[in-house]
1. When all protein chains stay in place, what accessible area (Å², nearest 10, 1.4 Å probe) is found for Asp117?
2. Based on DSSP, what percent of beta bridges with both residues in the chain are antiparallel, to the nearest 5?
3. Can you give me the three principal axis dimensions of the chain from its C-alpha atoms, in Å, biggest first?
4. With unit charges on the beta carbons (Lys and Arg positive, Asp and Glu negative) and the dipole taken about the Cα centre of the chain, which residue among Ile197, Ala93, Ala52 sits farthest to the positive side?
5. Between Ser276 and Lys387, what is the label-point separation in nm under the 7 Å Cα-to-beta-carbon projection?
6. With +1 on the Cβ of every Lys and Arg and -1 on the Cβ of every Asp and Glu, and nothing else charged, how large is the dipole of the chain about its Cα centre, in debye rounded to the nearest 20?
7. As a test of the formula, what do you get for the chain when each DSSP H run with n ≥ 4 contributes -39,500 (n - 2.57) and the sum is divided by the residue count, at 222 nm and rounded to the nearest 500 deg cm²/dmol?
8. Of the options His111, Val284, Ile126, report the single residue whose Cα projects farthest towards the positive end of the charge dipole of the chain (beta-carbon charges: Lys, Arg +1; Asp, Glu -1).
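The values are calculated or read from the model by the stated rules, or taken from the named source; none is laboratory data. The model shown is predicted, which means the values in this text are computed figures rather than measured ones. Cβ sites come from the backbone with ideal geometry, for glycine too, and all protein chains shown count toward neighbours. Calculation scope for accessible area: heavy atoms of the full protein, side chains included, ligands and nucleic acids excluded. Shrake-Rupley method; radii C 1.70, N 1.55, O 1.52, S 1.80 Å.
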Amino acid sequence: MRKIGVGLIGWGTVGSGVVRVLLENAEIIESRLGAPIELKRIADRDIERRRAVKVPREMLTTNIDDILDDPEIDIAIELMGGIDFPRGVIAKALAKGKYVVTANKALLAHHGNELFDLARNKGRAIGFEASVAGGIPLIKSIREGLAGNRINKIFGILNGTANYILTRMTDSGLSFGDALKEAQELGYAEADPTLDIEGMDTAHKLAIASAIAFGTPIQLDEVHVEGISGIDSLDIQYAEELGYQLKLLAIARNIEGRLEMRVHPTLIPKNHVLASVKGAYNAVHIEGNAVGDIMLYGMGAGMMPTGSAVVGDIIDIARDIVCGTPCRIPALAFQPERLEKIEIRPMSDVSTCYYLRFQALDRPGVLSKISGILGKHQISIAAVIQKGRHEQEWVPLIMITHEAVESNIRKALDEIYGLDVVLAPTPLIRIENHN
Ligand code: NDP
Ligand code: HSE
């Protein structure tokens, strides 16, 4: 019987999950595939550190070429992280005729277009299910299950670390720093956690998922990105009082032939389905013109869920090797020559509701000055609360607007910050009331 040989490069959190899934579920995987998958080598720069699963010493190497040059290894699994180094390793693996599986969204968001072309030219596939939404089979769902649909919208939570931090801050009153530390200890955060908290990791995932959903090349530079590092726990508290919960959302929509891709902290009503997505869980709402609305939910990060997604890719590729049908499914769901850039809808055109917090002087006439400027820019106010009552002192003034166009909000804020009764800058958080 044909064995499928695999070599793992990067034996960290996700690598350990992959080893466990391959070893613990070997029998069930073979029953499904009709051939055994053999983990032949593991490469890492440190092969002395203790890992979650023990493997025979002779399986370990510090030399990646031991995997790339081994003719019995069909699939190279890249789980090191980073960009330039793994890009070279994957290119070399493809050049040597290997199939590749990676969880590296940063690499694919930057160089996926080029790597997918390279793989195709070599008649090889790159599996990357784990790169978006951890253990949730999101790529497979869009690329295969929803292949008959025109997709209009992807909307959801795509970063486990940020969601974990916001959950711990909201539900347990933890500080940002303590919540991040916990997420790191649990293996959710990137080696460089600024990618998680500044929204870039979510942007990487949104750029990849949007390409597959909307039939464009990966366009990372077109994603508007704001992270959660500037979030004040005061705003979480005030928003709660107003019936909202804060989430870092990824939103991509095709609006009349223009593509909107944005990542930013967002308030959603407490009874919104995404408000119940806690901890490192991710959830993604997809709207297709045939299926309607669907929601995918599951762990977005961590050793075993991500290991599950990587092994799913290994099995998919192994099936194609066994059946002699490599590259049956195009990497980005569409035939490469049919991928087309879609015009991008700028943030200035986005229309949504806003949470605004001003630090204003508690003096007669201040509120009417602010609301007058908002009104002049066609922004109407849905709710106002003032915190505290300290004549002649700075107090927080919180406003929720009805739907307004972002360019108008920006113009109004510039004018409001010009008032000598308002301190600048203060937070602006977008609100999404619908799916
Ligand atoms: P880890 O840092 O835990 O593991 C990476 C491993 O690769 C470490 O052992 C690291 O060694 C090793 N390594 C790094 N560079 C090299 C190199 N040049 N040569 C040899 N070994 C190297 O990362 P994760 O497992 O968390 O993440 C791996 C990939 O999976 C990343 O691309 C990440 O974005 C992605 N991912 C992670 C998820 C998660 O939940 N953690 C979920 C989805 C995707 P050292 O420790 O010495 O640096
Ligand atoms: N750091 C990422 C997250 C890992 O927290 O979502 C999963 O991609």
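1. 90
2. Expressed as a percentage, antiparallel bridges in the chain total about 70.
3. Here the spans come out as 83, 46, 34 Å, largest first.
4. Farthest along the dipole direction, towards plus: Ala93.
5. Using points 7 Å along Cα→Cβ, the separation is 2.9 nm.
6. Working: 47 positive and 56 negative charges, 143 e Å.
Approximately 680 debye in magnitude.
7. Value at 222 nm, helices only, nearest 500: -10500 deg cm²/dmol.
8. Ile126
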